[in-house]
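Here the structure is laid out as structure tokens; the discussion comes afterwards.
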Amino acid sequence: MNPRKDFRTFRRLLLLATAISTIPTQAANVTWDGSESFEWQQGANWDNGSGPAAGDVVFINSGTVDFAADPGYNLRAIRLLGGQFHVSDGLFRATFNPSWDSHVEGVMIQTGGAVEINELEIGRTMGTTGLYQLSNGSLRINRALSDPSTGLGTSLFLGANKSDVDAGTGAIEISGGSFVTRAGIQLGDDVRVGTGNFSVLGSLAAEIGVGASTGDSDGRWRQYPGSTLTAGIDFGGVTPIFLHDSSETTLSAPSASFENGSLLQVGYASGFEGGGTWTVMEVENGEIVDNGLSFAPGVDTSVWSFSIDNTGANGLLTVTSNSTTVLRDVYWDGSEDQEWENPLNWTNNFGVFDEAYVHLDAGTIDYTEESESGINLRGFRMTGGTFNLKGGELKANKLASA
């Protein structure tokens, strides 16, 4: 017996075992069949009888899937080719391999939780329609496809795809939560048939940051003919799309371009109506290039106008309404709970705002220190129900005559 020889043999075997363990495993394709329920976590709902595992590619072709808990693994990609996928809680990750992208050609609805995903293509195939709705939680797109000719990256394709072939219709609607990308966003394609729609509905989204997720790529926006940017103005205005100067280099800068035939849709949301000017897009240390942006059909141009201003440090796209109508009445319905600060307890689904007239006709409101927001009401009209003032300060003296 030779101890040195035995040790060398053992060391070689250990190195071999380590090398084998680090070889990437082949991705499995796992398809949803929904044979038992709507629950993602139930293994019997998948064609393999056990459900996805780390590194798998998930296919959803039809049906309804509810994702409500963190499964503890990271997927390679998701292919939502039909049906509806609902994320309400937990962490959904599809970033196992940075070279893989995910596709949405059905309806993906996020009402909570966190979604982390590589480069995302919505409505990528001709004849298909894809929609992503974000109302709460966080959506983070961690990767980007780089254009070899420019070095600029794209994280989100709407009605377009990285393969540069005919696409379908892709849309994202953001009414709450937070949305960040590593790099740029592309809506449609100038020589293809795809169209994209990026909608920001109201002011409840905490952040819409393009080029914000990793700090190494600048934000970029490219909108082609027939594609639409939509802004819905509520009582708090609209959350602006912010293109970040993340790379902090002089070689490139964030930019936004609207090609001839690009469309801007604007209107009111959550029952609001009134005049004002609101920022829809801001480009940090960069400019907005207007090659022919125009209002979408149906926008009342006697009320609405838009402006692109590159005279300051940041490029700005703003919209203005000259309406003199102001709707200030807010009614309590208590549809969720008794908390004053919960916007869903009010008929406008937005909540109370400065200079509002608040109406309580029935039900119970709990007002606490957490409810205090510094706003001052024009009036508080209570014709029924119960108002519990448990703490904090409620101001309702904006106008002496109200």
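The values are calculated or read from the model by the stated rules, or taken from the named source; none is laboratory data. Remember, predicted model here, so these are calculated numbers, not experimental data. Cβ atoms come from the backbone with ideal geometry, glycine included; neighbour counts cover every protein chain shown.
Details
- Residue count for the stretch 169-192, restricted to those that are surrounded by fewer than 24 Cβ atoms within 10 Å (Cβ to Cβ), of a type in the set (Gly, Ala, Ser) and in a loop (DSSP other than H, G, I, E, B): 3
- Hey, Thr311 of a type outside the set (A, V, I, L, M), loosely packed, with under 13 Cβ neighbours inside 10 Å and in the same structural domain as Gly177 (by TED's automatic domain parsing) or not: yes
- Number of the condition not met by Asn397 [criteria: (1) assigned by TED's automatic domain parsing to the domain that holds Ser262; (2) in contact with a strand residue (DSSP E or B) (Cβ under 8 Å, 6 or more places away or on another chain); (3) exposed (fewer than 14 other Cβ atoms within 10 Å of the Cβ); (4) assigned to a loop (DSSP other than H, G, I, E, B)]: (1)
- Selection of first residues in the stretch 359-371 that are farther than 10 Å from Glu339 by Cβ and of second residues that are of a type in the set (Val, Ile, Thr) and exposed (fewer than 13 other Cβ atoms within 10 Å of the Cβ), restricted to Cβ pairs under 6 Å at least 6 apart or on distinct chains, gives the following pairs, ordered by first then second residue: Asp361/Thr383; Thr364/Thr386.
- When we screen Ser302, Ser321, Ser335, Ser294 for residues that are surrounded by fewer than 16 Cβ atoms within 10 Å (Cβ to Cβ) and either within 30 Å of His244 (Cα to Cα) or of a type in the set (A, V, I, L, M) (or both), the only hit is Ser294.
- Within the stretch 90-116, the residues that satisfy the criterion of being assigned to a loop (DSSP other than H, G, I, E, B) and without any contact (Cβ under 8 Å) to a residue 40 or more places away in the chain are Gly90, Ser99.
- For the stretch 273-291, a tally of residues being crowded, with 21+ Cβ neighbours inside 10 Å and either over 15 Å from Pro240 (Cα atoms) or over 20 Å from the mean Cα position of the chain (by Cα) (or both) returns 2.
- Condition check for Asp70: modelled with pLDDT under 95 and touching a strand residue (DSSP E or B) at 6+ places or on another chain (Cβ under 7 Å): yes
- Candidate set from the stretch 193-219 (those that are among the β-branched types (Val, Ile, Thr) and in a loop (DSSP other than H, G, I, E, B)); member that is modelled with the highest pLDDT: Val193
- Test: residue in the stretch 96-103 that is of a type in the set (Asp, Glu) and closer than 25 Å to Leu201 by Cβ: no
- The single condition from (1) modelled with pLDDT of 95 or more; (2) closer than 21 Å to Gly177 by Cα that Asn349 fails is (1).
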